[in-house]
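FYI, it's all coordinate maths here, none of it is from the lab. Fair warning: this is a prediction, and the values are worked out from it, not measured in the lab. Please note: Cβ atoms are built from the backbone with ideal geometry, for glycine as well, and neighbour counts cover all protein chains shown.
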Amino acid sequence: MIKVGIIGATGYAGGELVRILTGHKDAEIKWYGSRSYIDKKYADVYRNMFQIVDAVCMDDNMEELSSQVDVIFTATPQGLCASLVSEEILSRTKIIDLSADFRLKDVAVYEEWYKIQHKAPQFIGEAVYGLCEVNREDIRKARLVANPGCYTTCSILTAYPLAKEGLIDLDTLIIDAKSGTSGAGRGAKLPNLYCEVNENIKAYGVASHRHTPEIEEQLGYAAGEKVVLNFTPHLIPMNRGILATEYAKLTKDISWEEVKAVYDKYYADETFVRVLEKDICPETKWVEGSNFVDIGFKIDTRTGRIIMMGAIDNLVKGAAGQAVQNMNLLFGLEENEGLDLVPMFP
């Protein structure tokens, strides 16, 4: 049985980790860390866990936690994991960090986009970017996994095969993405109040969203070239879900069947990637509550462009589900253990 500790267990991603791991046959949560709710019963914070979780919330003492568990999930704001991690801790336990602290390989880029000083740059080189469908073998050998962001997971997987095969001109790539409000976290913020969000849609982080360099870096690795793109996120009035619509010029004339064959080359054996049939567009409602990413595309012969579309649940494949998928790889388990979550509808 894998002993698990969670720091940030009362945020939305942390709560989703608890929900998923409660049904995982090979894992047991030993530490529900939450600086805001120390000594409060976890089930009093999330009443859906009444008579399911009896534990009380503890602090974020990673030093003490590392001697008690096999893996630590840090579902915390940027900067916290980097401020706590040490060589001694990594010698005792594995860490799956759901923040951005170890996703970017260039410290200067991290500090520019996140506006904070990186407290543990010595571990950036060894951290493995935890996009399982791309870095599976490296993840298996890691001590420190950087769990990808929600927008980035959807955006990268949607374009990755075509970027890898050189079928799209990445200088023309534009990503338009929309997310439910849970992506902004559980903290009280005026722009996320019901009256501010309901009956509204708005762009934010225009030309400045901090997931941009993460998408650029990973698609750059795929294409073998530097990538600079436009990424514009939008907030929409629903709880969960991300839909990314991506536009790029094709580098050659190609049929729908040929593009589908490229996606199948990379994803046909991937449990959690579903490439849809012709003229079927992804919808967030068909992935809600699951670890799936649904991908579709349409070729616009008039403009020579391809429109790629992807949908995920931002709290599952975009956060906690992907983190558990990474844990399964780290400990040699079946990758889908605890993650056979049928999408919820309605």
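So here's what we get for this one:
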{"quantity": "Sparse-neighbourhood loop sites, trypsin sites (Lys or Arg not before Pro) in segment 264-302 - DSSP loop, at most 10 other Cβ within 10 angstrom", "calculated": "Lys278, Arg302"}
{"quantity": "Tilt relative to the chain, helix 212-223 - C-alpha long axis, 0 to 90 degrees, to 10", "calculated": "60"}
{"quantity": "Global geometry of segment 226-313, whether rounded, prolate or oblate, following the gyration tensor of its Cα atoms and the 1.5 cut on a/c", "calculated": "oblate"}
{"quantity": "Rule-of-thumb Rg ratio for the chain [Cα; 2.2 N^0.38 Å; N residues]", "calculated": "0.96"}
{"quantity": "Å³ per residue enclosed by the Cα convex hull of segment 113-175", "calculated": "125"}
{"quantity": "DSSP-defined beta bridges in the chain - what % are antiparallel, rounded to 5", "calculated": "50"}
{"quantity": "Table column - 3J(HN,Hα) (Hz), segment 333-338, Karplus curve with 6.51, -1.76, 1.60, x for Gly and Pro", "calculated": "8, 4, 5, 8, 4, x"}
{"quantity": "Potential lengthening between Glu225 and Lys105 on full extension [0.36 nm per residue; Cα-Cα distance subtracted]", "calculated": "41.7 nm"}
{"quantity": "Shape of segment 64-220, Cα gyration tensor, a/c cut at 1.5", "calculated": "oblate"}
{"quantity": "Long-range lysine pairs (8 or more apart or interchain), segment 239-346, Cα under 25 Å", "calculated": "20"}
{"quantity": "Segment Asn336-Cys195, length gained on full extension (0.36 nm per residue, minus Cα span)", "calculated": "46.9 nm"}
{"quantity": "Shape of segment 71-128, Cα gyration tensor, a/c cut at 1.5", "calculated": "prolate"}
{"quantity": "Equivalent ellipsoid, segment 269-333 (semi-axes from 5 times Cα gyration tensor eigenvalues, Å)", "calculated": "28, 12, 9"}
{"quantity": "Sequence-distant aspartates and glutamates (8 or more away, or on other chains) whose Cα lies within less than 19 Å of Lys226", "calculated": "Asp106, Glu112, Glu165, Asp169, Asp171, Glu214, Glu216, Glu217, Glu246"}
{"quantity": "Local electrostatic count at Gly224 - Lys and Arg +1, Asp and Glu -1, tallied over other residues with Cβ under 13 Å", "calculated": "-1"}
{"quantity": "Simple Cβ-charge dipole of segment 40-137, Lys/Arg +1 and Asp/Glu -1, about Cα centre, in debye nearest 20", "calculated": "300"}
{"quantity": "Dipole in debye (nearest 20) - the chain, about Cα centre, beta carbon charges: Lys, Arg +1; Asp, Glu -1", "calculated": "580"}
{"quantity": "Distance between segment 111-190 and segment 228-252 - C-alpha centres, whole angstrom", "calculated": "14"}
{"quantity": "Additional length obtainable on full extension of the chain from Ile52 to Lys115, 0.36 nm per residue less Cα span", "calculated": "18.7 nm"}
{"quantity": "Charge-dipole axis of the chain as Lys and Arg at +1 and Asp and Glu at -1 on Cβ define it, positive-most pick from Tyr46, Gly241, Val259", "calculated": "Tyr46"}
{"quantity": "Value at 222 nm in deg cm²/dmol, rounded to 500, when DSSP H runs of n ≥ 4 in the chain each add -39,500 (n - 2.57)", "calculated": "-8000 deg cm²/dmol"}
{"quantity": "Normalised alpha carbon radius of gyration of segment 151-313 [divisor 2.2 N^0.38 Å]", "calculated": "1.04"}
{"quantity": "Nitroxide proxy distance, nm - points 7 Å out along Cα→Cβ at Asp169 and Ala203", "calculated": "2.2"}
